[in-house]
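Laboratory data are not the source of any read-out in this text; all were calculated from the coordinates shown. What you are looking at is a predicted structure, and each value in this text was computed from that prediction instead of being measured. No Cβ is skipped: glycine too gets one built from the backbone with ideal geometry, and neighbour counts run over all protein chains shown.
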Amino acid sequence: MPQESKANPLLSLRGIRKSFGAVEVLRGVDLNVYSGKVTALVGDNGAGKSTLIKGIAGIYPFDGGDYVFEGESVQISDPRAANDLGIEVVYQDLALCDNLDVVHNMFLGREEKRGLILNEDDMERRARETLDGLSVRTLKSVRQQVSSLSGGQRQTVAIARAVLWNSKLVILDEPTAALGVAQTAQVLSLVRRLADAGLAVILISHNMVDVMEVADNIAALYLGQMAAQVEASDVSHGEVVELITAGRSGELGIQPKNGEGAA
Amino acid sequence: MSTQDTAASTTSGGLRGAFSDYVDRIRGGNLGSLPAVLGLVVLVVLFTVLEGQTFFSAFNFANLMSQAAMIIVLAMGLVFVLLLGEIDLSAGFAAGTSAAILGVTLTQNGWPLILSLIACLGTGLAIGLFIGLLVARLGIPSFVVTLAMFLALQGLMLLIIGEGGTIGIEDEFVIAVQNRNLTPIAGWILFLVVLVGYALFSGLRLRRRIAENLTHEAVSVWIFKVATLAVLGGIGTFLLNQERSRRPDITSIQGVPYIIPLILILLIGLTFVLARTGFGRHIYAVGGNAEAARRAGISVSRIKIACFMICSTLAAVAGILFASRDNSISPTTGGSTTLLFAVGAAVIGGTSLFGGRGKISDAVLGGLVVGVIANGLPLITSQAGIQFIVTGLVLLVAASVDALSRKKSTT
Ligand SMILES: Nc1ncnc2c1ncn2[C@@H]1O[C@H](COP(=O)(O)OP(=O)(O)OP(=O)(O)O)[C@@H](O)[C@H]1O
Ligand SMILES: [Mg+2]
């Protein structure tokens, strides 16, 4: 199966390994992520999706393999290092502080200051620009406390925080899992617009309809191995489901002769 | 294009708009300082009706301020710890221990005042560092650490002072803190400086934010705040400038007590730290969602240690106030109801026991409420039993309001 070869990937993982104690969670995972594309990362519960994401985000180091960003091999030791590269993560639990307002949350840990003093004016302006750039029309005020926001609005704030920093890669871990129909559509179109604006996006989702709707590229993890990474237009809904549940689908995926890991 | 949508529209309704916003917030469970203000008004009216001659006198007003001052300063420190969702049960005895160090070095060892003050504040700082390390690095619940310290510090005080002993304080500076007053003229100047300073500072900020189309409160709200400060500050200054000596022909006692500018400085300085610095913002973040703060790159343990250090250091300041008010330090300094009153003050003022919500001004407002109760009740009843029960109930009511408003805002 010819993989993408026309563009160089923004992020390229090669042979990534990660174990927790005796449990080998990631067993030589390859992944390519391209600017301007939505790469869906799919796989059953426990396949290792979140583990892979957390390694990319610098929450813990991989045990082995190459982490290549913009063509250069890098070592990511902590979340700040990943941020510095332009990698932002929207965690599944959103990681927002309910008691702070939208602006405060978007700049949390990276506040703008004039000397010692917080520069509220600039932060508010930038937060508004970013939200406006996302065409978000549902927020009443950027000075609203996050506790007063709806699920979809909170999701939007978490995404806006991720794109505030001229990021190059935005990773979203199950952003629509808790959302209603209208809000899911809103978040998905936001995801699409991010990619259209030139960012690389990794989207983790269990919802195949969403994945087929928004993804350019689908990477299916199966028991800690990359079953296949394919163009979304080349596969059917059923083939993706097979890749997720069995690790292979026809010629795609881990072939039985060397794929004995499943048991 | 859609700037209007995310822009602030708090300006729209002026005072009435601000009022309906406020009603919305209260409906949403965020009561802010409303219970404390109401409580203060009710209590003052109650005590004035029941025991007006004694309670509502110039002498008692000044006395109340000095009584409340120690509670307020302790509560200010507790706000930092409560904001994290932690507690410091040992703050009262941190005050006592620091005061004991002050007394021993100053009176018994004859140190220069400045060194004694440094030793006193340093003691508070060290106590806070110790508590903070145990809580943040070892992960022991603050309730347990500070309960242990509550006992241990009491013992330490006994060892420092000597069983049953008292250390007198003769230093004029320390005594002046709680017992001397500004001249009436200086009192009015202080009032004007604070009023004009507040009006200018907040007014210029408001003008800038209006000009740059940022979120801002309504101009009428600003006028209302300045006017309230002018009226209340004016009345307070006027009352404190009355002659309150029982024998004016022998000694005259009048003027704003020194303790008031001291509390104002702490109020302004600490409010600045919490509201305007990155450190302050991170305190709220840790209290609101520690895991989110950690993922945002904030060092949660460093924030915690710093807050416990601030709390115990402010306790040491309160210790100086105790020493000044009593002219002495005894093994009971900072004991008994001290800590309960201070925690009560913070909570009554509107600081949440669950972390993430609170302000320094809560400590002042709540401290005044507790001060009025502590001052007024003995005028009505001489039974200590009733006084304890009433104070305990007030704390329970405040905690219930806190818990209920939290419940309301999370559902
Ligand atoms: N910190 C950890 N310690 C030990 N085992 C872990 C740890 N984190 C993850 N695992 C294990 O690694 C495996 C993969 O977990 P991971 O969270 O990456 O799965 P996932 O693909 O994100 O699943 P889901 O769709 O349910 O979120 C699981 O078997 C899990 O038990
Ligand atoms: Mg997961």
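Between the helical axis of A:237-246 and the longest alpha-carbon principal axis of chain A there is an angle of about 70 degrees.
Its convex hull of Cα atoms gives segment A:191-258 a direction-averaged projected area, equal to a quarter of the hull surface, of 4.8 nm². Cα-based values for segment B:115-230, radius of gyration first and Dmax second, are 23.5, 65 Å.
Over segment B:247-307, what relative contact order in percent results from Cα pairs under 8 Å that are six or more residues apart? Present the calculation step by step, with values, prior to reporting the outcome.
Working: 22 pairs, mean separation 11.0, N = 61.
Value for segment B:247-307: 18 percent.
Could you tell me the convex hull volume per residue, in Å³, taken over the Cα atoms of segment A:95-167?
Spelled out: Cα convex hull of segment A:95-167, divided by residues, is 87 Å³.
Set the Förster distance to 35 Å, then compute FRET efficiency between B:Leu404 and A:Asp122 from the Cβ-Cβ distance, nearest 0.05. Write down the numbers at each step before the final one.
Working: r = 38 Å, r/R0 = 1.08.
Efficiency, rounded to the nearest 0.05: 0.40.
Radius of gyration over Kirkwood radius for segment A:22-164, both on Cα atoms: the Rg/Rh ratio is 1.01. Computed from backbone phi with θ = phi - 60° and the Karplus coefficients 6.51, -1.76 and 1.60, the 3J(HN,Hα) list for segment A:140-153 is 6, 8, 6, 9, 6, 5, 4, 4, 8, 8, 7, x, x, 5 Hz; x is used for glycine and proline. When the charge dipole of the protein assembly as shown is built from unit charges on Cβ atoms (+1 for Lys and Arg, -1 for Asp and Glu) and taken about the Cα centre, the candidate among A:Ser35, B:Leu138, B:His216 whose Cα reaches farthest toward its positive end is B:His216.
Residues B:Arg246, A:Arg128, A:Arg143, ranked from the fewest to the most other C-beta atoms within 10 Å, line up as B:Arg246, A:Arg143, A:Arg128. Projected over every direction and averaged, the convex hull enclosing the alpha-carbon atoms of the protein assembly as shown yields 35.2 nm². Amide H contacts of A:Ile171: A:Glu88, A:Val89, A:Val90, A:Ile202, each under 5 Å away and 5 or more positions distant or on a separate chain (H built 1.01 Å from N in the peptide plane; Pro and chain starts excluded).
For segment B:108-153, the equivalent ellipsoid derived from the Cα gyration tensor has semi-axes of 28, 11, 5 Å, listed largest first.
Across segment B:299-311, coupling constants 3J(HN,Hα) worked out from phi with the 6.51/-1.76/1.60 Karplus curve, θ = phi - 60°, read 7, 4, 5, 5, 4, 4, 4, 4, 5, 5, 5, 4, 4 Hz, and Gly and Pro carry x. Between 0 and 90 degrees, the angle of helix A:181-196 with respect to the longest Cα principal axis of chain A falls at about 80 degrees. Along segment B:80-86 the Karplus relation, 6.51 cos²θ - 1.76 cosθ + 1.60 evaluated at θ = phi - 60°, assigns HN-Hα couplings of 4, 6, 5, 4, 7, x, 9 Hz to successive residues, with x for each Gly and Pro.
Across peptide B:276-289, the average count of Cβ atoms from other chains found within 10 Å of a residue's Cβ is 5. For chain B, a Kirkwood hydrodynamic radius built from all Cα pairs, placed in the Stokes-Einstein relation at 4 °C and 1.567 mPa s, yields a translational diffusion coefficient of 57 µm²/s. Can you say what percent of the DSSP beta bridges in the protein assembly as shown, counting only those with both residues inside, are antiparallel? Round to 5. Roughly 65 percent of the beta bridges in the protein assembly as shown run antiparallel, per DSSP. The radius of gyration of the Cα set in segment B:236-379, together with its Dmax, comes out at 18.7, 67 angstrom. Volume of the convex hull of segment B:285-369 (Cα atoms only), normalised per residue: 103 Å³.
Relative to the Cα centre, the charge distribution of segment A:16-114, modelled as +1 at Lys and Arg Cβ and -1 at Asp and Glu Cβ, gives a dipole magnitude of about 80 debye.
The packing ranking, built from the mean of other Cβ atoms within 10 Å per residue, places the peptides B:332-343, B:208-219 in the order B:332-343, B:208-219, highest first.
Ellipsoid semi-axes for chain A, based on the Cα gyration tensor and the rule √(5λ), read 33, 20, 16 Å when sorted largest first.
If the convex hull of the alpha-carbon atoms of segment B:46-171 is projected onto planes in all directions, what is the mean projected area in square nanometres? Hull-based average projected area comes out at 10.5 nm². In the elastic network of chain B, a GNM with C-alpha springs shorter than 10 Å, the most mobile of B:Gly385, B:Gly349, B:Gly367 is B:Gly385.
The helix-based estimate of mean residue ellipticity at 222 nm for chain A, built from -39,500 (n - 2.57) per DSSP H run of four or more residues and divided by its residue count, is -9000 deg cm²/dmol to the nearest 500.
Output the antiparallel fraction of DSSP beta bridges having both residues in chain A, as a percent to the nearest 5.
60 percent
Kirkwood analysis of segment B:177-296, using all unique Cα-Cα pairs, places the hydrodynamic radius at 17.4 Å. For the peptide A:114-123, the mean number of other protein chain Cβ atoms found within 10 angstrom of a residue's Cβ is 3. Segment B:330-359 and segment B:40-71 have Cα centres spaced 20 Å apart. The residue among A:Leu134, A:Val103, A:Ile117 whose Cα reaches farthest toward the positive pole of the charge dipole of segment A:95-167, with charges on the beta-carbon of Lys, Arg, Asp and Glu, is A:Leu134.
Mean separation of Cα pairs under 8 Å and 6 or more residues apart, divided by the residue count, gives chain B a relative contact order of 36 percent. Neighbouring Cβ atoms from other chains, within 10 Å of the Cβ of residues in A:95-108, number 6 on average.
Peptides B:220-229, A:190-199, B:280-289 ranked from most to least packed give B:280-289, A:190-199, B:220-229, packing being the mean of other C-beta atoms within 10 angstrom over each peptide's residues. Once backbone amide H atoms are built at 1.01 Å from N, A:Ala228 has A:Ala220 as its partners under 5 Å, excluding neighbours fewer than 5 places away on the same chain.
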